[in-house]
1. Could you tell me what percent of the DSSP beta bridges with both partners in the chain are antiparallel, to the nearest 5?
2. I'd like the orientation of helix 122-131 relative to the chain: the angle between its Cα long axis and the longest Cα principal axis, in ° from 0 to 90, rounded to 10.
3. What whole number of Å gives the distance from the Cα centroid of the stretch 184-252 to the Cα centroid of the stretch 125-179?
4. Run the numbers on the chain and let me know its relative contact order in percent, using alpha-carbon pairs under 8 Å that are six or more apart.
5. Alpha carbon centre of the stretch 265-327 versus the stretch 86-100: separation in Å?
6. With no solvent and one point per C-alpha, what does the Debye sum give as log10 I(q)/I(0) for the stretch 138-201 at q = 0.18, 0.27 Å⁻¹?
7. Sorted from largest down, give the three principal axis spans of the alpha carbons of the stretch 96-181, whole angstrom values.
8. Compute the angle between helix 266-282 and the longest alpha-carbon principal axis of the chain, please, reported from 0 to 90 degrees and rounded to the nearest 10.
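Derivation of every value follows stated rules applied to the coordinates shown; laboratory data play no part. If you're wondering where the values come from, they're calculated on a predicted model, not measured in any experiment.
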């Protein structure tokens, strides 16, 4: 059986995408920012690492998620698709390839288009969580400077783009403590990313990221990763910002910013696991997801964001949290890739080839 690996790669960023004034962020105004347009995309090193893991059991074909992907998939008709395509344009960009696969009736790994689109809209996600009484920080959405004048928030607050991932648009300056800082950051997001700003009450407690693997009764919570903000440069805000993720934490000089497994009292560990299981189920995630959690002033775990298309950089020095949690659970990188592939194929009723790479998921 052929498995198609569908991806977007930073090394393949097209000149057309880079020059599109209609959809590309404008990094020339507001608070200085890095050009983070392709932050969500993978490097070819990651694509090849996933390909090599799958190739231990299946024939693999690489399909880049360009406008030609539909015809390639229609012609290829793979038995299964390992989807890691983030997309580029629009608020539903992560849903584009899964929607094509559903149109072509090709089974694939991961959440469906609805869940992917919902989870990329931070406000819609928080509304659903609030409806189900799942803790998440109070928030407001500001889609214009006119709306800003009517917005009332509690300081300190956190300002971020409404429809981004991989810490895009989240910089050290995004923690605001007065109306002038709030106005500056909201204006920067509106002008730079051309999308609404999400303003959340800042939660002062510890922060964790939780890797989830499985479906239904077989859903597993992998060892929790804690983000240690004392590893950041002196004077920086305690957030996992774009600078922390992509500038200060480099593979050639990684920050000692993570503890995995996190050191947790049993009651807190149980509370984090329970709120993440509930969130995964309520948002109808499939196969895997990574969930970001932060404690409020009372020590209650609050859901920050859900990533149903988690980053999976292969090398330990890359500090990628899902593979880090998997290693702590006893899974090598290849074993992680094949484990989630087995989970997804089983869900879809696709026969699974035996002899997966070695690695035992800790009970």
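1. Working: 33 of 46 bridges.
Of those bridges, close to 70 percent are antiparallel.
2. Tilt relative to the chain: about 90 degrees.
3. 13 Å
4. Details: 683 pairs, mean separation 67.8, N = 363.
Reported as a whole number, the value is 19 percent.
5. Each part reduced to its Cα centre gives a spacing of 23 Å.
6. So the normalised log intensities work out to -0.52, -1.26.
7. Principal extents (Cα only, largest first): 51, 28, 24 Å.
8. It works out to around 70 degrees.
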